[in-house]
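K.L.:
Here's a structure for you.
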Amino acid sequence: MNSTIGTPEFADTLMVGRLDSFGVAVRYTRAEGTKLYYVDDDGAEVAVLDGVSGFGSLMFGHNNPEIVEHAKSLLDQRIPVHAQMAGYSLALNVATELNKIIRRELETEDKFFALFGNTGAEAVEIAIKHAEFDRVSRVAALKADVAAHVEQARAAAAGGAVLSAAAAAVAGGQDIERLTAEVARRSAEAESRPPLLLALESGFHGKLVSSVQLTYNPMFRAPFAALAAQTRFIPREQPEMIAKVVEQDRVAVLDLVVTAGPAGVIDVVERDFPVFTAFMIEPIMGEGGIHPLSAELGRALREACDAIGVPLVADEIQSGMGRAGTFLSGTQIGLRPDYIILAKALGGGIAKLGVVLINEHRYHGDLEFLHSSTFGKDGFSSGIALKVLEMLEADDGAAYRQAAERGEKTIAMMEAIRADYPDCVKEVRGKGMILGFEFEDQSGSASPAVAESAKQGVLQLHIIRHLFRKHRFRVARTASSPWTVRFEPSIHLSDEDIAQVDVAFRDVCDILRSGDTSRFE
């Protein structure tokens, strides 16, 4: 097979054009550890420190030798990649290992059932489908209750029971059939309402038809808003808004109650109709600017979900798998989710795999047949996932400690830069190897060139290009926080790599402070 990289004639035309206009379109030819490599015009191989790392997929780096050797052995063993409908697969082993780790971290004996997909975005879709299946089940249970109570009321009325003042007001008199007709009308009206999702502002949960509705950035969401269930977004800093938003969309149905008495009294009460499907969150908000949620917000989210009766879904696709220093980043704030979504690093950087883990108390086994995925439980990806989990857990979780230690050292370096350049660096955020380095908005800079570039929204791109072209340091800004540079390297980030980042960021700050944009390469 010809491995020469082609031209963007039939794919990525817009992407390559935009990247090329800023001088960062590259034909990478090799990847290893924390580095990507390309060949320059003189034929020399150039190493680039990769701070993007597959948007968090490369926990153990590019082409980790241990994972690569394991992948080769799986293929050499001729393991069945496809054996659908066999019942038994390596995915069962993956689910078992994940349960061991998650139950330990959450300090629970609850089981978590696993539903597998190809990617993180598909795993989010699976979570939405399962949560909606659960909501529909709750609706059915409510309808059955109301129907049973209506029949009880009819029987009581036939025996001489009278309508209470409240029930008579609804019926316009003592007519039981008019009352039950209004109960049915209100129920039908509630059931016709489309379901709603809850998420945090600035969150990111994918770009598929359903998952994009949970992604806050309107650039991604707005063109497709009519295609799936809508989301109510809650400000991260204002958890008290959850109750207000829920109340705004509250829908009540009528139910009947027969109270004791000589002949009995038929009363009417309101019951909340299940409007909301789920509350989806990222324990560390990635595209929103690398914002770790607080323990206070975690508790508020748990309490809100319990009050509403919906599952709390932790999207750990980017922040989980040990990247933050614990297997689940939510563990660090005491988060108690009902669903956990994992992907990215689960595939070791070479396989594609996503999984939703659902607490046994909310699990509906029927979804195992209502959702399927050709590659969701394939033998190769499952085998790679088992190896990754083994590596994470080895030496009593040394990988987690390494992520935390590398993160602490990197944060200390970044905070030192912020201290030296408070006019250039606004904040450093994150945990372990999922970090955000936020530059100050430079639209108010004393330098006309810097200010104008910032107002046009291109200064950040000049910064990224300069980091790449001069310092051979590859980063990307976060989608919903354009002044924030994401840094999600492998846990094998070396001291030399950290020193390289230090020099690179300081150089950018020097340029911004000087106002001389001609120094940008």
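Quick grid of which residues meet (1) in contact with a Pro (Cβ under 7 Å, 6 or more places away or on another chain); (2) of a type in the set (F, W, Y); (3) closer than 22 Å to L301 by Cα:
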residue	(1), (2), (3)
V313	yes, no, yes
I317	no, no, yes
G320	no, no, yes
F327	no, yes, yes
T331	no, no, yes
R336	no, no, yes
Y339	yes, yes, yes
G349	no, no, no
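K.L.:
Restricting to the stretch 38-52, name every residue that is touching a Phe, Trp or Tyr at 6+ places or on another chain (Cβ under 6 Å) and more than 21 Å from A476 (Cα to Cα). Reasoning before the result, please.
P.N.:
Within the stretch 38-52, the subset touching a Phe, Trp or Tyr at 6+ places or on another chain (Cβ under 6 Å) is 38, 45-47, 49, 51.
Passing the criteria: only E45.
K.L.:
Could you check Q402 against (1) part of a helix (DSSP H, G or I); (2) touching a strand residue (DSSP E or B) at 6+ places or on another chain (Cβ under 7 Å); (3) not hydrophobic (A, V, I, L, M, F, W, C) and say which number it fails?
P.N.:
(2)
K.L.:
Another one. Within the stretch 212-224, does at least one residue satisfy the condition of being touching a residue at least 40 places away in the same chain (Cβ under 8 Å), closer than 27 Å to G298 by Cα and in contact with an Asp or Glu (Cβ under 6 Å, 6 or more places away or on another chain)?
P.N.:
Yes, the conditions are met somewhere in the stretch 212-224.
K.L.:
Might you let me know whether the stretch 506-519 holds any residue that is within 23 Å of I284 (Cα to Cα), out of contact with any Cys (no Cβ under 9 Å at 6 or more places or on another chain) and among the β-branched types (V, I, T)? Steps first, please.
P.N.:
Step one: filter the stretch 506-519 for residues within 23 Å of I284 (Cα to Cα), giving none.
No, every residue in the stretch 506-519 fails to be within 23 Å of I284 (Cα to Cα), out of contact with any Cys (no Cβ under 9 Å at 6 or more places or on another chain) and among the β-branched types (V, I, T).
K.L.:
If you check Q152 against the conditions, is it out of contact with any Cys (no Cβ under 8 Å at 6 or more places or on another chain), under 30 Å from L256 (Cβ atoms) and in a loop (DSSP other than H, G, I, E, B)?
P.N.:
On the way: out of contact with any Cys (no Cβ under 8 Å at 6 or more places or on another chain): yes; under 30 Å from L256 (Cβ atoms): yes; in a loop (DSSP other than H, G, I, E, B): no.
So Q152 fails the test.
K.L.:
Here's another thing I want to ask about it. Suppose we filter the stretch 357-380 for residues that are modelled with pLDDT of 95 or more, touching a Phe, Trp or Tyr at 6+ places or on another chain (Cβ under 7 Å) and surrounded by 18 or more Cβ atoms within 10 Å (Cβ to Cβ); how many remain?
P.N.:
4
K.L.:
Residue under question is K470, and the condition is that it be surrounded by fewer than 17 Cβ atoms within 10 Å (Cβ to Cβ) and in contact with a strand residue (DSSP E or B) (Cβ under 8 Å, 6 or more places away or on another chain); does it hold?
P.N.:
Numbers: surrounded by fewer than 17 Cβ atoms within 10 Å (Cβ to Cβ): yes; in contact with a strand residue (DSSP E or B) (Cβ under 8 Å, 6 or more places away or on another chain): no.
Criteria not met by K470.
K.L.:
With (1) surrounded by 13 or more Cβ atoms within 10 Å (Cβ to Cβ); (2) at pLDDT 95 or above as the list, and D76 as the residue in question, which single condition is left unmet?
P.N.:
D76 satisfies every listed condition except (1).
K.L.:
In addition: Going through F22, F55 one at a time, which residue ends up being out of contact with any Phe, Trp or Tyr (no Cβ under 8 Å at 6 or more places or on another chain), modelled with pLDDT under 90 and surrounded by 14 or more Cβ atoms within 10 Å (Cβ to Cβ)?
P.N.:
Numbers: F55 fails: modelled with pLDDT under 90.
Being out of contact with any Phe, Trp or Tyr (no Cβ under 8 Å at 6 or more places or on another chain), modelled with pLDDT under 90 and surrounded by 14 or more Cβ atoms within 10 Å (Cβ to Cβ) holds for just one of F22, F55, which is F22.
K.L.:
Can you pull out every residue in the stretch 419-433 that is of a type in the set (G, A, S) and closer than 21 Å to R401 by Cβ? Spell out how you get there, then give the answer.
P.N.:
Residues of the stretch 419-433 that are of a type in the set (G, A, S), as a first pass: 419, 430, 432.
Matches in the stretch 419-433: G430, G432.
K.L.:
A further question follows. Among the residues of the stretch 481-505, write down those that are out of contact with any Leu (no Cβ under 7 Å at 6 or more places or on another chain), of a type in the set (D, E, K, R) and crowded, with 18+ Cβ neighbours inside 10 Å.
P.N.:
The answer is R486, E488.
K.L.:
Next question. Filter the stretch 290-322 for residues that are among the charged types (D, E, K, R) and either part of a helix (DSSP H, G or I) or over 24 Å from K352 (Cα atoms) (or both) and give the result.
P.N.:
Within the stretch 290-322, the subset among the charged types (D, E, K, R) is 296, 299, 302-303, 306, 315-316.
Within the stretch 290-322, E296, R299, R302, E303, D306 qualify.
K.L.:
Can I ask one more? Show me the strands (runs of 3 or more DSSP E) found entirely inside the stretch 415-511 where at least 1 residues are modelled with pLDDT under 95.
P.N.:
Numbers: elements: 425-431, 434-439, 476-478, 481-487.
Filter on the stretch 415-511 gives 476-478, 481-487.
For (1) of a type in the set (A, V, I, L, M); (2) farther than 16 Å from A121 by Cα, each residue gets a yes or a no:
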{"position": "H205", "(1), (2)": "no, no"}
{"position": "F224", "(1), (2)": "no, no"}
{"position": "Q238", "(1), (2)": "no, yes"}
{"position": "I242", "(1), (2)": "yes, yes"}
{"position": "A252", "(1), (2)": "yes, yes"}
{"position": "D267", "(1), (2)": "no, yes"}
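K.L.:
Out of N93, N2, I need the residue that is polar (S, T, N, Q) and either out of contact with any helix residue (DSSP H, G or I) (no Cβ under 8 Å at 6 or more places or on another chain) or modelled with pLDDT under 95 (or both). Which one? Don't jump to the end; show me each part of the working.
P.N.:
Values: N93 fails: either out of contact with any helix residue (DSSP H, G or I) (no Cβ under 8 Å at 6 or more places or on another chain) or modelled with pLDDT under 95 (or both).
Going through N93, N2 in turn, the sole match is N2.
K.L.:
From the set of residues in the stretch 209-226 that are aliphatic (A, V, I, L, M) and within 16 Å of the chain's Cα centre (by Cα), which is surrounded by the most Cβ atoms within 10 Å (Cβ to Cβ)? Full working, then the answer.
P.N.:
So the first thing to find is which residues in the stretch 209-226 are aliphatic (A, V, I, L, M), and the list is 209, 212, 214, 219, 222, 225-226.
The next check asks that each one be within 16 Å of the chain's Cα centre (by Cα); those that pass are 209, 212, 214.
Values: V209: 13, V212: 23, L214: 28.
So the residue we want is L214.
K.L.:
Tell me the residue from A343, A351, A324, A314 that is within 15 Å of A127 (Cβ to Cβ) and either surrounded by fewer than 24 Cβ atoms within 10 Å (Cβ to Cβ) or in contact (Cβ under 8 Å) with a residue 60 or more places away in the chain (or both), please. So that I can check it myself, show each step before the final result.
P.N.:
Values: A351 fails: within 15 Å of A127 (Cβ to Cβ); A324 fails: within 15 Å of A127 (Cβ to Cβ); A314 fails: either surrounded by fewer than 24 Cβ atoms within 10 Å (Cβ to Cβ) or in contact (Cβ under 8 Å) with a residue 60 or more places away in the chain (or both).
On inspection, the qualifying residue turns out to be A343.
K.L.:
Right, something else. Out of all the residues in the stretch 392-407, which are in contact (Cβ under 8 Å) with a residue 24 or more places away in the chain, surrounded by fewer than 19 Cβ atoms within 10 Å (Cβ to Cβ) and within 30 Å of R78 (Cα to Cα)?
P.N.:
E393 - this is the single residue of the stretch 392-407 that is in contact (Cβ under 8 Å) with a residue 24 or more places away in the chain, surrounded by fewer than 19 Cβ atoms within 10 Å (Cβ to Cβ) and within 30 Å of R78 (Cα to Cα).
K.L.:
I would also like to ask the following. Pick out the one residue from D255, D249 that is out of contact with any helix residue (DSSP H, G or I) (no Cβ under 7 Å at 6 or more places or on another chain), under 22 Å from R193 (Cβ atoms) and modelled with pLDDT of 95 or more. Explain how you work it out, then say what you get.
P.N.:
Values: D255 fails: out of contact with any helix residue (DSSP H, G or I) (no Cβ under 7 Å at 6 or more places or on another chain).
One residue alone meets the criteria, D249.
K.L.:
Just give me the residues in the stretch 234-254 being under 17 Å from M280 (Cβ atoms) and under 22 Å from the mean Cα position of the chain (by Cα), in sequence order. Give the steps one after another, and end with the answer.
P.N.:
Taking the stretch 234-254 first, the residues under 17 Å from M280 (Cβ atoms) are 234-236, 239, 241-242, 245-246, 249.
Correct list: I234, P235, R236, P239, M241, I242, V245, V246.
K.L.:
Could you please let me know if Q456 is within 28 Å of the chain's Cα centre (by Cα), surrounded by fewer than 20 Cβ atoms within 10 Å (Cβ to Cβ), within 21 Å of L512 (Cβ to Cβ) and without any contact (Cβ under 8 Å) to a residue 40 or more places away in the chain? It would help to see each step written out before you state the result.
P.N.:
Details: within 28 Å of the chain's Cα centre (by Cα): no; surrounded by fewer than 20 Cβ atoms within 10 Å (Cβ to Cβ): yes; within 21 Å of L512 (Cβ to Cβ): yes; without any contact (Cβ under 8 Å) to a residue 40 or more places away in the chain: yes.
Judged against the criteria, Q456 is not a match.
K.L.:
Also: Could you go through the stretch 34-42 and let me know if any residue there is in contact with a Leu (Cβ under 7 Å, 6 or more places away or on another chain) and in a loop (DSSP other than H, G, I, E, B). Walk me through it before giving the result.
P.N.:
Within the stretch 34-42, the first condition is being in contact with a Leu (Cβ under 7 Å, 6 or more places away or on another chain), and the residues that meet it are 34-35.
Then drop every residue that is not in a loop (DSSP other than H, G, I, E, B), which leaves 34.
Yes, the stretch 34-42 has at least one match.
The values are calculated or read from the model by the stated rules, or taken from the named source; none is laboratory data. If you're wondering where the values come from, they're calculated on a predicted model, not measured in any experiment. Cβ sites come from the backbone with ideal geometry, for glycine too, and all protein chains shown count toward neighbours.
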